[in-house]
Each structure stands twice: as C-alpha cells, then as structure tokens.
Amino acid sequence: MSVAERSDIIVDLMTALSKFQGAMTSIPKTSENPFFHMKYADLGAIWDVCRKPLSDNGLALVQTTVVESEKIYLDTTLYHVTGQYVTSRYPITPMKQAKDQGWVPSNDPQSIGSAI
C-alpha cells in the first residue's frame, strides 16, 4: 500500500524535476555482490551522481519514518525551494531471522534499521 500526497501547486517542482532528469547521468556500478556474481550501484555512488543536479535545480529529497497504529511507514518527500512537494508513504515490516523459524516480525532497533 502506498499513499501519495502533494502540495496544491506543483508547477515549479515539476519544472525543476524535468531539468534534474535532463542533467542526470548514468550511475556507475562500482560495488559487487559476490552471492549473485553481479555489480550494482551502491547508495554512495547514487548520491554522488544525484546530489549536484538536485541542488542545482532547487530540489531536496527527505526520508522520515512515521509510526501510526503500531505500524512503521517510510515517508519520502521531494521538496522544491518554493515549498512545493510530493510525498509517498510506504509500509515498513521489520523482520529478523529466528533459529528454526526463518524470518519473523521484530520491532528491535536492528530490525527496524535494516528495514528502513
């Protein structure tokens, strides 16, 4: 389940997003997953490519967590310097491996951090 929310007016935000997308370049796959024998772009590489085009176009990306009715959600918001924004919400399900049980729900800090 995902919930989206936005400011009433998003014209400047969408213009800036369009310019940002035009400024983006390919992200190099510099990390390797030995289990799957494949390369991937890690979070640092993604931010290295995105940071300047976001900033140059007055955009900021913010992620926060929200707890409602004992459920954890990750809110991701794209802000523009004008105050315009678009937010989406995604439910987080913290899990951990338990002996002889496989993956089970868990609300310990390690499981929450891993889920986020």
message: Considering only residues that are open to solvent by 40 Å² or more (accessible area, probe 1.4 Å) and among the small types (Gly, Ala, Ser), which ones fall in the range 92-113?
response: Gly113
message: Criterion first (under 19 Å from the mean Cα position of the chain (by Cα) and more than 30 Å from Leu13 (Cβ to Cβ)) does Pro94 satisfy it?
response: yes
Pairs, first outside any helix (DSSP H, G or I) in the range 40-53, second surrounded by 15 or more Cβ atoms within 10 Å (Cβ to Cβ), C-beta under 6 Å, six or more apart: Ala41/Ile27
message: Suppose the filter is surrounded by 12 or more Cβ atoms within 10 Å (Cβ to Cβ), more than 30 Å from Ala16 (Cβ to Cβ) and within 14 Å of the chain's Cα centre (by Cα); does Ala60 pass it?
response: no
task: Please state which of the following conditions Thr65 fails to meet, knowing it meets all the rest: (1) more than 30 Å from Pro105 (Cα to Cα); (2) open to solvent by 50 Å² or more (accessible area, probe 1.4 Å); (3) out of contact with any Ser or Thr (no Cβ under 8 Å at 6 or more places or on another chain).
output: (1)
message: For the range 1-27, give me each residue that is more than 27 Å from Pro91 (Cα to Cα), in a loop (DSSP other than H, G, I, E, B) and open to solvent by 70 Å² or more (accessible area, probe 1.4 Å).
response: Thr25, Ser26
query: On the given criteria, is Thr87 open to solvent by less than 30 Å² (accessible area, probe 1.4 Å) and in a strand (DSSP E or B)?
result: yes
message: Consider the range 83-96. How many of its residues are under 13 Å from Ile112 (Cα atoms) and not aliphatic (A, V, I, L, M)?
response: 4
- prompt: Hey, Val66 hits all of (1) closer than 26 Å to Asp12 by Cα; (2) aliphatic (A, V, I, L, M); (3) in a strand (DSSP E or B) but one; which does it fall short on?
  reply: (1)
- prompt: So is Met38 of a type in the set (A, V, I, L, M, F, W, C), over 30 Å from Asp108 (Cα atoms) and open to solvent by 60 Å² or more (accessible area, probe 1.4 Å) or not?
  reply: yes
message: For a quick check of your reading of the model, give me the residue pairs whose first member lies in the range 18-35 and is more than 15 Å from Asp48 (Cα to Cα) and free of Cβ contacts under 8 Å to residues at least 24 places away in the same chain, whose second is part of a loop (DSSP other than H, G, I, E, B) and not hydrophobic (A, V, I, L, M, F, W, C), with beta-carbon atoms closer than 6 Å and at least 6 apart or on different chains.
response: none
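The values are calculated or read from the model by the stated rules, or taken from the named source; none is laboratory data. A quick note: this is a predicted structure, and the numbers were derived from the prediction, not measured. Methodologically, a virtual Cβ is constructed for each residue, glycine included, from the backbone with ideal geometry; neighbour enumeration extends over all protein chains shown. Accessible surface is based on the protein model in full, side chains and every heavy atom, while ligands, DNA and RNA are left aside. Shrake-Rupley method; radii C 1.70, N 1.55, O 1.52, S 1.80 Å.
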